[in-house]
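Below: the structure, in structure tokens.
Just so you know, all these numbers are worked out from the coordinates, no wet-lab data involved. All figures in this text were calculated on a predicted structure; none of them were measured in a lab. As a convention, Cβ positions derive from the backbone with ideal geometry for all residues, glycine included, and neighbour counts pool all protein chains shown.
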Amino acid sequence: MSVLIAVVGLGFVGCASNRGRTTHFWTVAKEASHFSDRQDPAKWDMKLFTGDLEGGNDDDHLPIRFGVYPVPDYNLIGEGSFRGVANFGYTGAGGLVKKIGEKTLLFNSFSICTSDVNREFVGDVHDDVFFQIVVLTDFVDTDNYTHLGSLISSRNHPHYVGEGFYKTKNNKIDYLAFINADHDAYAIVNMRYFDLSLGKTILIAPQKDGSLRSMQIQSPAMSNKEIDAYTDQLLQRTDVVDFFTDKGNI
């Protein structure tokens, strides 16, 4: 299965069978080989490259513009090493809206389908969410849906990068998250750095004065299919309710 760029709404990119070996996948030798392959035109997947040129992302509103680079055939680092990537929470219809009283919240998450790359870290689950963001907002564009956007790309396989944004009436929340083959994951939200090993869920509360507040949550391991129900549970926690209903928030 091959995914060019996963820009997904409510759901996930289907994952192929994920059962197999559990030994350490990413080695120094594979990293060196992959580095060489990225610069060797003979190793590039020209079918992917042509498709990206024809349907590449032209959305300038995302934090970082998607660039069309030639990339090595995904199977060069291992047959079937890529099963799929996805986001859940973002949709072209405006996103999954959650409520705490009169407060409006939107969320998005990125996940990686289980393969030989990450199986030693996640077991034989269908897919693994490595990042979630929940944002308090006072603006939802129900006509043109200009208030949000999201993208996750597999083009750095076996490393994966996702990005997105949310607009409020007077602010914009930009975010980027990535995970590498050693299962190290990080995020940046409006230039604040987050080590996702300390918590994959990031809460953002824009303030009336234009500043931001953040809260990092150590969420459990979960799949794409579980993230919506988990978010509902999260938003019932007293500390989370207090965070999103603080008097300084928009």
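Report, in deg cm²/dmol and to the nearest 500, the calculated mean residue ellipticity at 222 nm for the chain, where each DSSP H run with n ≥ 4 adds -39500 (n - 2.57) and the sum is divided by the residue count.
Taken over the chain, the calculation gives -4500 deg cm²/dmol.
Beyond 32 Å between alpha-carbons counts as too far, so tell me which of Lys103/Lys225; Lys47/Lys169; Lys47/Lys200; Lys167/Lys247; Lys98/Lys208; Lys167/Lys200 fall in that bin.
Going by Cα-Cα distance, Lys47/Lys169; Lys47/Lys200 fall outside the 32 Å limit.
Rounded if a/c is under 1.5, else prolate if a/b beats b/c, else oblate: with a ≥ b ≥ c from the C-alpha gyration tensor eigenvalues square-rooted, which is the stretch 109-239?
The shape class here is prolate.
With +1 on each Lys and Arg Cβ and -1 on each Asp and Glu Cβ, and nothing else charged, work out how big the dipole of the chain is about its Cα centre, in Debye to the nearest 20.
Dipole about the Cα centre, nearest 20: 380 debye.
Counting Lys and Arg as +1 and Asp and Glu as -1, each charge on the Cβ, what is the dipole of the stretch 113-232 about the Cα centre in debye, to the nearest 20?
480 debye
Taking a ≥ b ≥ c as the square roots of the eigenvalues of the Cα gyration tensor of the chain, is the shape rounded (a/c under 1.5), prolate (a/b larger than b/c) or oblate?
prolate
Note the full-extension length gain between Lys225 and Met46 as 0.36 nm times their separation in residues minus their Cα-Cα distance, in nm to one decimal.
61.1 nm
Given contacts defined as C-alpha pairs under 8 Å and at least six residues apart, what's the relative contact order of the chain, whole-number percent?
Answer for the chain is 19 percent.
Would you work out which of Gly248, Val71, Thr201 lies farthest towards the positive end of the dipole of the chain? Charges go on Cβ: Lys and Arg +1, Asp and Glu -1.
Highest projection toward the positive end goes to Gly248.
Placing +1 on the Cβ of each Lys and Arg and -1 on the Cβ of each Asp and Glu in the chain, which of Gln218, Val85, His34 has its Cα farthest towards the positive end of the resulting dipole?
Going by the charge dipole, the pick is Gln218.
What is the stretch 91-208's relative contact order, in percent, from Cα pairs under 8 angstrom and six or more apart in sequence?
Averaging sequence separation for qualifying contacts and normalising by length gives 22 percent for the stretch 91-208.
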